Amino acid sequence: PSGSSLKFCLLAEGAAELLSAPSGWVRLMEGLSEGLSALLEAEPGARLHLRQVKEKFGTLRVYASVEGPDAFRAAAWEVTDWATAASERRCALTGRPGMMDPEGWLLVLSPEATVWRRAEPDAFHRAIYPPSPRPEPEAPAP
């Protein structure tokens with residue numbers, strides 16, 4: 001994880017939810033975590049709990065509890081709304097510009113991803129939702 005992602009994990013509850021997004025939205029997740037992290041750092045008494053972050057009906061959905069001053073809460077929702085809006089035109093597989101593909105389950109896809117989805121659906125599905133990396137086993141103490 002990048003430095004900002006790690007910082008966000010320390011500041012927000014449920015930050016691991018960001019790992020379940022489609023592969024093409026990794027940059028969106030980074031932008032979401034950076035934006036929310038900056039807000040949380042600027043408002044130490046505020047709290048943010050990501051209950052769920054997922055693809056639904058082809059676009060990003062962020063379900064969260066936000067506690068703090070009105071200005072903090074409004075700014076946090078602006079960041080999540082930005083990420084949702086950006087997902088409406090970003091390929092869930094590649095991150096490139098895309099459009100809603102209504103065939104099968106709804107997804108925003110680039111033209112190339114749409115072709116691949118139809119030609120090789122199993123490979124497509126494995127690529128769009130790759131397995132989470134497993135943590136390295138810790139080395140025994142000397």
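Only one residue in 112, 78, 103 is open to solvent by 40 Å² or more (accessible area, probe 1.4 Å) and assigned to a loop (DSSP other than H, G, I, E, B), so which one is that?
Numbers: 112 fails: assigned to a loop (DSSP other than H, G, I, E, B); 78 fails: assigned to a loop (DSSP other than H, G, I, E, B).
Of the residues listed, the single one that is open to solvent by 40 Å² or more (accessible area, probe 1.4 Å) and assigned to a loop (DSSP other than H, G, I, E, B) is 103.
Taking into account only those residues within the stretch 12-27 that are buried (at least 17 other Cβ atoms within 10 Å of the Cβ) and among the small types (Gly, Ala, Ser), which is modelled with the highest pLDDT? Break it down stepwise before answering.
Initially, the stretch 12-27 is screened for residues buried (at least 17 other Cβ atoms within 10 Å of the Cβ), giving 12, 15, 17-18, 21-22, 24-25.
Subsequent filtering for residues that are among the small types (Gly, Ala, Ser) retains 12, 15, 21, 24.
Values: 12: 61, 15: 66, 21: 81, 24: 92.
Here the residue is 24.
Just a yes or no: is a residue in the stretch 109-120 touching a Pro at 6+ places or on another chain (Cβ under 7 Å) and of a type in the set (Ser, Thr, Tyr)? Quick ask: steps written out before the conclusion?
Keep residues of the stretch 109-120 that are touching a Pro at 6+ places or on another chain (Cβ under 7 Å), which gives 110.
Still in the running and of a type in the set (Ser, Thr, Tyr): 110.
Within the stretch 109-120, one or more residues are touching a Pro at 6+ places or on another chain (Cβ under 7 Å) and of a type in the set (Ser, Thr, Tyr).
Quick check on the stretch 28-45. Is at least one of its residues at negative phi, buried (at least 19 other Cβ atoms within 10 Å of the Cβ) and not in a helix (DSSP H, G or I)?
No, the stretch 28-45 contains no residue that is at negative phi, buried (at least 19 other Cβ atoms within 10 Å of the Cβ) and not in a helix (DSSP H, G or I).
Could you look through the stretch 22-75, keep only residues that are without any contact (Cβ under 8 Å) to a residue 24 or more places away in the chain and hydroxyl-bearing (Ser, Thr, Tyr), and pick out the one that is farthest from residue 97 (Cα to Cα)?
Here the residue is 65.
What are the residues in the stretch 81-94 that are under 15 Å from residue 27 (Cβ atoms) and either hydrophobic (A, V, I, L, M, F, W, C) or in a helix (DSSP H, G or I) (or both), if any?
Answer for the stretch 81-94, where residues must be under 15 Å from residue 27 (Cβ atoms) and either hydrophobic (A, V, I, L, M, F, W, C) or in a helix (DSSP H, G or I) (or both): 82, 83, 84, 85, 86, 87, 91, 92, 93.
Does residue 60 satisfy being open to solvent by less than 80 Å² (accessible area, probe 1.4 Å), over 28 Å from residue 46 (Cβ atoms) and within 13 Å of the chain's Cα centre (by Cα)?
Numbers: open to solvent by less than 80 Å² (accessible area, probe 1.4 Å): yes; over 28 Å from residue 46 (Cβ atoms): no; within 13 Å of the chain's Cα centre (by Cα): yes.
So residue 60 does not fit the description; no.
Which of the residues belonging to the stretch 81-100 are out of contact with any strand residue (DSSP E or B) (no Cβ under 9 Å at 6 or more places or on another chain) and either farther than 12 Å from residue 128 by Cβ or open to solvent by 60 Å² or more (accessible area, probe 1.4 Å) (or both)?
Our first condition is that a residue be out of contact with any strand residue (DSSP E or B) (no Cβ under 9 Å at 6 or more places or on another chain); within the stretch 81-100, this holds for 82, 95.
Once the filter is applied, which keeps residues that are out of contact with any strand residue (DSSP E or B) (no Cβ under 9 Å at 6 or more places or on another chain) and either farther than 12 Å from residue 128 by Cβ or open to solvent by 60 Å² or more (accessible area, probe 1.4 Å) (or both), the stretch 81-100 yields only 82.
The values are calculated or read from the model by the stated rules, or taken from the named source; none is laboratory data. Remember, predicted model here, so these are calculated numbers, not experimental data. Heads up, the Cβs are rebuilt from the backbone with ideal geometry, glycines too, and the neighbour counts pull from every protein chain shown. These accessible areas exclude ligands, DNA and RNA; they are computed on the full protein's heavy atoms, side chains included. Shrake-Rupley method; radii C 1.70, N 1.55, O 1.52, S 1.80 Å.
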